[in-house]
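Structure below; questions to follow.
Please treat every number below as a calculation from the coordinates, not as lab data. Fair warning: this is a prediction, and the values are worked out from it, not measured in the lab. Please note: Cβ atoms are built from the backbone with ideal geometry, for glycine as well, and neighbour counts cover all protein chains shown.
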Amino acid sequence: MVKKKPAEAEESKEKNNSEIIDNKDNKETKKVDDENLNGNAPEADTAKSAMDNGATGETGSDKVVLDEKDYQVKLAEMQDRYLRLSAEFDNYRKRTLKEKMDISKYAGEDLLKNLLPFMDDFERAMKHVESSSDLAGVKEGIDLIYIKFSEFLAQNGIKEIEAINCNFNVDLHDAVAKIPVSEDDKKGRIVDVVLKGYYLKDKVLRHSKVVIGE
């Protein structure tokens, strides 16, 4: 076996190292080429993203501007809607207030209008009293007016409160006096009515003013 000289051994070692380095560089170069070919390189991703943005024609700043314009349009629409609703509500409030005032002012219009015929009847009866000596005819005319007026009150839900010979009820009657009575069954009961009381449907419109026996 021939032994190499130290100089030759060193040269051979350097040659081997150079070959190893060349092989490593070749592998790295091949790896980079493969990545570029497959589109995995960062440069390829960046270029692809730029191409996509260019295809849509919008950049980040353009999108922000468009969003801001949309918000401005929507805000203007909402403000216009608010002003319209506010104006409509104000008109509704004024209209309802006027209607309430009219109702309060003319609440009894229909009732008073229906009472006018009775005024006409009384005026005719008074003229007849002045020019006639037939008291029976005058009395009959007044009775007819009374019956007509009583029917009118009943049609409007007004009914007389019963009092005579009834037990005293503070919810219905006002005692104005007490008188002694000889009958035991009349003691504590109403023996006379000074002023009649009336219901309006199920509500006491006016209490009866009564005299109680004791």
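Treating only the Cβ atoms of Lys and Arg (+1) and Asp and Glu (-1) as charged, compute the dipole magnitude of the stretch 159-214 about its Cα centre; round to the nearest 20 debye.
280
Run the quick spin-label model on Tyr71 and Tyr198: label points 7 Å from Cα toward the beta carbon, then report their separation in nm to one decimal.
Going by the 7 Å Cα→Cβ label model, 7.0 nm.
Could you work out the relative contact order of the stretch 159-214? I mean the mean sequence separation of Cα pairs under 8 Å and 6+ apart, divided by the number of residues, in percent.
Rounded, it is 46 percent for the stretch 159-214.
Can you list the residues, at least 5 places off or on another chain, whose amide H is less than 5 Å from the amide H of Gly197, using H built in the peptide plane?
Ile161, Ser208, Lys209
In Å and from the alpha-carbon atoms only, list the Rg and Dmax of the stretch 159-214.
Gyration radius and largest Cα-Cα distance of the stretch 159-214: 11.1, 37 Å.
Keeping to pairs on different chains or 8 or more places apart, tell me how many lysine pairs in the stretch 145-214 have Cα atoms under 25 Å apart.
Close lysine pairs under the 25 Å cut-off: 20.
Something else now. Where does the charge balance sit around Asn91 when Lys and Arg score +1, Asp and Glu -1, over other residues with C-beta under 14 Å from its C-beta?
+2
Tell me whether the stretch 99-214 comes out rounded, prolate or oblate; compute the Cα gyration tensor, take square roots of the eigenvalues as a ≥ b ≥ c, and use a/c under 1.5 as the rounded threshold.
Oblate, since a/c reaches 1.5 and b/c is not below a/b.
Separation between the Glu109 and Val170 pseudo-spin-labels, each 7 Å from Cα along Cα→Cβ, expressed in nm?
So the label points at Glu109 and Val170 sit 4.3 nm apart.
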